[in-house]
Amino acid sequence: MCELRRLFALMVGSKRKYVDPSKAVDILKEAFAATAATGVGDSQQDVSEFQHKLLEWLEDAFKTTFRPPSPETGAGESGETKNPMVELFYGQYRAEGVNEGKGFSNDENFGQFPLQVNGFRDIHESLEAATAHGAIETVSNDTTQQSGQELWFTKLPPVLTYELSRFQFNQQLGRPEKIHNKIEFPQVIYMDRYMIGNKLETRQRREQVKKLREELSVLYSKLDKFNHYGSGSKKVPLQDVLSYALEFAQSKPETQCLSLDVEMESPKPHTSMVTDTPTDVPMTSTSPPSSSPAKKIATPIKPHRTNVLISNPSPKHVEDSELKVLQECLRRWRTEVEQDVRGLQENINSLEEAINRQYGDEAMRKCPYHLHAVLVHEGQAASGHYWAYIWSLTKWLKFNDISVTDASWDDLVKESVGGFHNASAYCLMYVDKSKLEAEEESCDNDVLPDDLKEQVLEDNNKFDQEIDDWDKEQARKALGAGDGDCTITGETKPSPSTSSVATQTQVPSNKNFNQEVTLAVTHAFLSAPETYQAANTALGQETIQFDGPAVLTIVIENELQRLDQIVKQLPKLLPKDDQRLLHPVIYLKACHAPRDVVHKFMLEQFSLCTLLTQNDKCKRLLLSATAELKQRQKGLEKDEIMILWHDRFHQFRKIVYFFVKGLLLYNDEKYDKALPYLVHTYTLNTALKYQVTVDMGGLSVSLLGFYRRQCLLHMNDMLTHQFESLEDITETMGIMNNYIVPCLPCLLQSGYTDDQSAAEEIREKWCSFLGQEIGAKKVEMLQDLLSKLFEPPGDTSVTRIPAVMHAELKTLYREFQRLMDIADEGGYLEKALQSK
């Protein structure tokens, strides 16, 4: 109880994006384990069972918290204290009827009201069947007295919960099955017709509705006779029968030339019907005749496209006078049938409207309940996954594990009413509209007791400190240190001179220094041709004698202007032409790096460009850049910032490298080998963009997500086909557990609709096997897989991928551009960028 108070208080006042309910959930799991007869608490609890147990425990907890009456209040007042759980979730109904000739009237409490799904179109039909007069079982079978009862609600709770019965036991298969039938429910349900105060009025209206439904049933039967005409097993609409008969009567024995695919008879050995396009006459083969009977029999006969004269069916003997009479009769009968069908449909619509109007007046719309939450289950009776839709003031929210996304009413209906997929609503929670409006404005910290306010304030302060600590930690460490399964190799070793003088406290600084030197040299080499060209252009235009620093300033300013123009064009060029891969400064400026960092990068480009040693003027420029760079390198903090940006650029190139490797394998349909690269690329790219905080910091999330998603779907299609066609599926299940299962949480938690739809498609394809006849071993392995698909284990990891070598990054720009051109030609690039 204490943990739930704290949890709900944090949900009201926490600054966090989400509140971790693990402690409360663990307590509930322990409680279920303690009360379970088998002693096993890890099995998935049914929604209704869980809610029943939870409310029962909360009700008991509130009972124990009530204090004994004080002398001032007296015992009577304490005895009237109401339990808030009972008041909020429990209602009451009265069962009235006759049992073996004796009348009875019993008041019963209810928490979750059960409703049947089978045989009903919507909630009102199911409620009518549950509450209207119906037969009941009796002890004695010899009585001639009829027994039956009605249910009338005497008190409705503020939160009205309907439990939809979607389980049935299949006697033939000897196991429970889920009912996927469609049943609709409204956003606002009016409960007036079921209240005991409207008993007399409701009975009268039910009699009227009963008569209307009887008339409606007769009309539907008549309409069915027209729409399903015939004495045999094959029935067709009567209008079509008359139309076809009229067409036949009017047909004449004329022929039409139609080009069709037909199976030709086996030709004689000296001829062949070989033609690539339809022709008026068959072409004669130039092949020599065969005299071997064996060859004549064994020659495969292929279908050929040819023009064949086909005659329409028509009467062989019919006089004009007979045809005229027959035409008049058939046309008159068809018109009469069409008028009858139209009249029946109009009468049916009229009766449907009359039935709907029976409870649509103001007298039956005084007790509205607003839909507040829908609990959805996807899967079968043996296993599945739960999520919820909850109304939040102005919109619907979908709560799926830790993913919370906006949803429309259409989305809710698609996944909840059933009849389409393996997902359907198990539980509907309606709220008294007046209570809902009264509570809408009260969800803030002011409603919390003082002790909970203190806990919320303490947690918010702790969260603020966590943010500060995290920011400081990220500023101190390079982004490349968190590569997980990927190891970066090929970096130069520390020089003996620098390592020999290092003390124990200076090791981290030297490590950062050597890392900076390694990446600085690599990145300077990457843009060396542009650096040399910029120097030569500036020095060639020199008309007066500048000293080294002055010329260096001009060269750097001119080069920055050129790079600025490229950066402005990036949104139009990406992703087909990613100029960020060609020059580190283009990446820095696209990421809005500090000006001092950009200038220092430019100094590194000139000081480390070996091409500038070819003549004296360029060499003077190199020395000037080296001198200024040394002056700016003073201070550890500056070094760390430079290392951070060098690592970010290196991380960006590494992400592109992994994506290129994965895309090459994907295009070769080696999906199992491509998937680890694509998954790792997406993870590293997300981390990098979180660090840089601008879109230009990494690759397009839509692009990476598209190929990761498509690779998973292709693999799943391949594996489901193997599961269905192969006898030994051990290897298939191994691939599923090692590749698909670890990646499924990535799709569900990405926040993108297409990813979540793909995850649901993967689950749904495997769930579809539950309704098929498969072997016992397959069933066992399938159930184990489904449990992992709906509740993925937390310790999963994707297959390791090879390390990156610096030599492999030299052609990265051209290779990435080539793959983007291929994707664009196939239309995949547009699909990827438009995914959501």
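None of Tyr430, Tyr389 is under 17 Å from the mean Cα position of the chain (by Cα), modelled with pLDDT of 90 or more and not aliphatic (A, V, I, L, M) except Tyr389. Against the condition surrounded by fewer than 24 Cβ atoms within 10 Å (Cβ to Cβ), in contact with a Phe, Trp or Tyr (Cβ under 6 Å, 6 or more places away or on another chain) and charged (D, E, K, R), how does Lys661 come out, does it pass? So Lys661 fits the description; yes. Scanning segment 42-59 for residues that are closer than 21 Å to Leu448 by Cβ and either loosely packed, with under 11 Cβ neighbours inside 10 Å or at pLDDT 80 or above (or both) turns up at least one hit.
Among the residues of segment 210-232, none qualifies, meaning not one is assigned by TED's automatic domain parsing to the domain that holds Glu378, at pLDDT 90 or above, under 27 Å from Gly419 (Cα atoms) and of a type in the set (Ser, Thr, Tyr).
Residues of segment 6-41 being among the hydrophobic types (A, V, I, L, M, F, W, C), modelled with pLDDT of 80 or more and in a loop (DSSP other than H, G, I, E, B), which ones? Once the filter is applied, which keeps residues that are among the hydrophobic types (A, V, I, L, M, F, W, C), modelled with pLDDT of 80 or more and in a loop (DSSP other than H, G, I, E, B), segment 6-41 yields only Val19. Just so you know, in segment 327-379 the residues that are of a type in the set (Val, Ile, Thr) and touching a Phe, Trp or Tyr at 6+ places or on another chain (Cβ under 6 Å) include one that is surrounded by the fewest Cβ atoms within 10 Å (Cβ to Cβ), and it is Val341.
When Ser750 is tested against (1) in a helix (DSSP H, G or I); (2) crowded, with 16+ Cβ neighbours inside 10 Å; (3) not hydrophobic (A, V, I, L, M, F, W, C), only condition (1) is not met.
Among the strands (runs of 3 or more DSSP E) confined to segment 114-177, the ones with at least 2 residues that are in the same structural domain as Met429 (by TED's automatic domain parsing) and modelled with pLDDT of 90 or more are located at 148-155, 159-165. Does any residue of segment 802-814 turn out to be in contact with a Cys (Cβ under 7 Å, 6 or more places away or on another chain), at pLDDT below 80, crowded, with 17+ Cβ neighbours inside 10 Å and in a loop (DSSP other than H, G, I, E, B)? So far as segment 802-814 goes, no, none of its residues is in contact with a Cys (Cβ under 7 Å, 6 or more places away or on another chain), at pLDDT below 80, crowded, with 17+ Cβ neighbours inside 10 Å and in a loop (DSSP other than H, G, I, E, B). Close contacts from segment 688-704, counting a first residue that is over 17 Å from Lys654 (Cβ atoms) and a second that is of a type in the set (Gly, Ala, Ser) and assigned to a loop (DSSP other than H, G, I, E, B), with Cβ to Cβ under 6 Å and a gap of 6+ residues or different chains, come to Ser702/Ser835. Would you pick out the residues in segment 600-616 that are of a type outside the set (A, V, I, L, M), surrounded by fewer than 18 Cβ atoms within 10 Å (Cβ to Cβ) and in contact with a helix residue (DSSP H, G or I) (Cβ under 8 Å, 6 or more places away or on another chain)? Matches in segment 600-616: Thr610, Thr613. The condition (being modelled with pLDDT of 75 or more and assigned by TED's automatic domain parsing to the domain that holds Glu184) is satisfied by just one residue among Asn400, Asn461: Asn400. Condition test on Leu242, is it under 45 Å from the mean Cα position of the chain (by Cα) and either closer than 30 Å to His421 by Cβ or modelled with pLDDT of 85 or more (or both)? When the stated conditions are applied, Leu242 does not pass them.
Residue-wise test of (1) surrounded by fewer than 23 Cβ atoms within 10 Å (Cβ to Cβ); (2) closer than 21 Å to Leu582 by Cα; (3) of a type in the set (Ser, Thr, Tyr).
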| residue | (1), (2), (3) |
| --- | --- |
| Leu644 | yes, yes, no |
| Lys670 | yes, no, no |
| Ala674 | no, no, no |
| Leu678 | no, no, no |
| Leu713 | yes, no, no |
| Glu724 | yes, no, no |
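Remark: pairs (first residue in segment 312-340, under 30 Å from Lys222 (Cα atoms) and at pLDDT 90 or above; second residue of a type in the set (S, T, N, Q) and in a helix (DSSP H, G or I); Cβ separation under 7 Å; 6+ apart in sequence or on different chains) = Arg334/Gln239; Arg334/Ser243; Val337/Gln239; Glu338/Gln239.
The values are calculated or read from the model by the stated rules, or taken from the named source; none is laboratory data. This one's a predicted model, so the numbers in the text were calculated from it and none came from an experiment. Neighbour counts run over all protein chains shown; Cβ positions are idealised from the backbone, glycine included.
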